[in-house]
Amino acid sequence: MPVPKAELHIHIEGTLEPELAFALAARNGAELPFDSVAQLRDAYRFEDLQSFLDLYYRLTDVLRTEQDFAELAEAYLARAGAEGVRHAEIFFDPQAHTGRGVPFSTVIEGLSKGLHDSAQRYGISTGLILCFLRDQSAESAMETLRAAEPYLDRIIAVGLDSAEVGHPPAKFAAVYQRARELGLRAVAHAGEEGPPHYVAEALDVLRVERIDHGIRVLEDPALVERLVRERIPLTVCPFSNVRLRVVDQLADHPLRRMLELGLVATVNSDDPAYFGGYVHENFDGVRDALGLSADQLRTLARNSFEAAFLDAPTRTRYLEELAAYQF
Ligand code: ADE
Ligand code: ZN
């Protein structure tokens, strides 16, 4: 039985498996620039974040109807449930869809339908995190937030993703301020490919409560000390870091060092359809490649529940289940 855990860094568009991409393309009459599932899978070799994003955005073209988004979400939940995920905070990228003519309402209604009853059907509590694409304008982000206003009861937080370098967090200061006024929590990708000072800027200017990735903080010991002192969680994605060449191989991943430094690190899958595994494969991968102890694995799972946007009784219930788990 896999360890109970929360998944806090998962892009729903990044769970689009090639088989589902082809099925949706056929249903919607969408063109895919690949002849077969095997040929598509073969294209999953990336130079860096941008080369991945190019394919990721290209494949969103198959997602067109509420039903498509609902099936995408359900397929993820079925996998996650089998992997011990008890709680998932799921990113979605509305601008990747509105930009090609799919209304915001279609995206959110479809995802909501897919997530509805997830606790009963899959044993997973869920929340949606609306991500802004940082390589688009702040005005476009603000417009997206406005489109989300009728659906705020379905959204727990805002996030920031897409191409990082050259798009510092401060560009989105006003959007995050508005999101906070609307009662949303805040996270941001920072320190994945971008420099460590983007992490500090996300904390100071955007006032985020968690950092997504954040592995480049290790280049700045004073920043590490701050994150340890303030117990800022980092949603680390080991397979992603290898596939996007942030680290050379899993054995070189700094996750173990992060734990030893006292950082509140968690393990997540990012875009599992593209990076070779879901969250449990990431756990097993780092356990084997880095020789993590049972105590360290328990810390990673505990951090995931402590870093989640959960109410106190639910968090306690999950932590008690984890405490009873035998590694
Ligand atoms: N969008 C989907 N996956 C991403 C990642 N790893 N970094 C930035 N944006 C993303
Ligand atoms: Zn991500």
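The values are calculated or read from the model by the stated rules, or taken from the named source; none is laboratory data. Note that the coordinates shown come from a computational prediction; the quantities given were computed from them, not determined experimentally. Glycine gets a Cβ as well: all are built from the backbone with ideal geometry, and neighbour counts include every protein chain shown.
Screening the candidates L255, L297, L322, L290 for the property of being aliphatic (A, V, I, L, M) and buried (at least 21 other Cβ atoms within 10 Å of the Cβ) yields one hit, L255. Criterion applied to E89, E13, E19, E7 was being out of contact with any strand residue (DSSP E or B) (no Cβ under 6 Å at 6 or more places or on another chain), modelled with pLDDT of 95 or more and buried (at least 17 other Cβ atoms within 10 Å of the Cβ), and the one residue passing it is E13. If you check every pair at least six apart or on different chains, which have Cβ atoms under 7 Å apart with a residue in segment 143-168 that is crowded, with 17+ Cβ neighbours inside 10 Å and assigned to a strand (DSSP E or B) first and a residue that is of a type in the set (G, A, S) and at pLDDT 95 or above second? Cβ pairs passing all conditions: I155/A148; I156/G127; A157/A186; V158/A179; V158/A186; G159/A188; L160/A188.
For segment 249-271, a tally of residues being more than 16 Å from ligand 2 (Cβ to nearest atom) and over 14 Å from V286 (Cα atoms) returns 5. Scanning segment 295-327 for residues that are outside any helix (DSSP H, G or I) and among the aliphatic types (A, V, I, L, M) yields A308, L310, A324. Looking across segment 44-70, just one residue is free of Cβ contacts under 8 Å to residues at least 24 places away in the same chain and more than 19 Å from the chain's Cα centre (by Cα), and that is R45.
For A188, the criteria (1) under 16 Å from the mean Cα position of the chain (by Cα); (2) of a type in the set (A, V, I, L, M); (3) away from ligand 2 (no atom under 16 Å from the Cβ) hold in every case but one, which is (3). Cβ-Cβ contacts under 7 Å between residues 6 or more apart (or on different chains), taken from a first residue in segment 223-250 that is under 15 Å from E209 (Cα atoms) to a second residue that is of a type outside the set (S, T, Y) and in a loop (DSSP other than H, G, I, E, B), are listed as L227/L263; V228/L261; V228/G262; V228/L263; L234/G214; L234/L263; T235/N268; V236/N268.
Screening segment 122-142 for residues that are over 17 Å from R100 (Cβ atoms) and touching an Asp or Glu at 6+ places or on another chain (Cβ under 7 Å) and picking the one that is surrounded by the fewest Cβ atoms within 10 Å (Cβ to Cβ) gives G127.
Only one of A38, A73 is surrounded by 15 or more Cβ atoms within 10 Å (Cβ to Cβ) and away from ligand 2 (no atom under 16 Å from the Cβ). Can you tell me which?
Unique residue meeting the criteria: A73.
Just the residues that are in a helix (DSSP H, G or I) and under 12 Å from L250 (Cα atoms), please, taken from segment 282-294. Before the answer, list the steps.
Within segment 282-294, the subset in a helix (DSSP H, G or I) is 282-290, 294.
Answer for segment 282-294, where residues must be in a helix (DSSP H, G or I) and under 12 Å from L250 (Cα atoms): N282, F283, D284, G285, V286, R287, D288, A289, L290.
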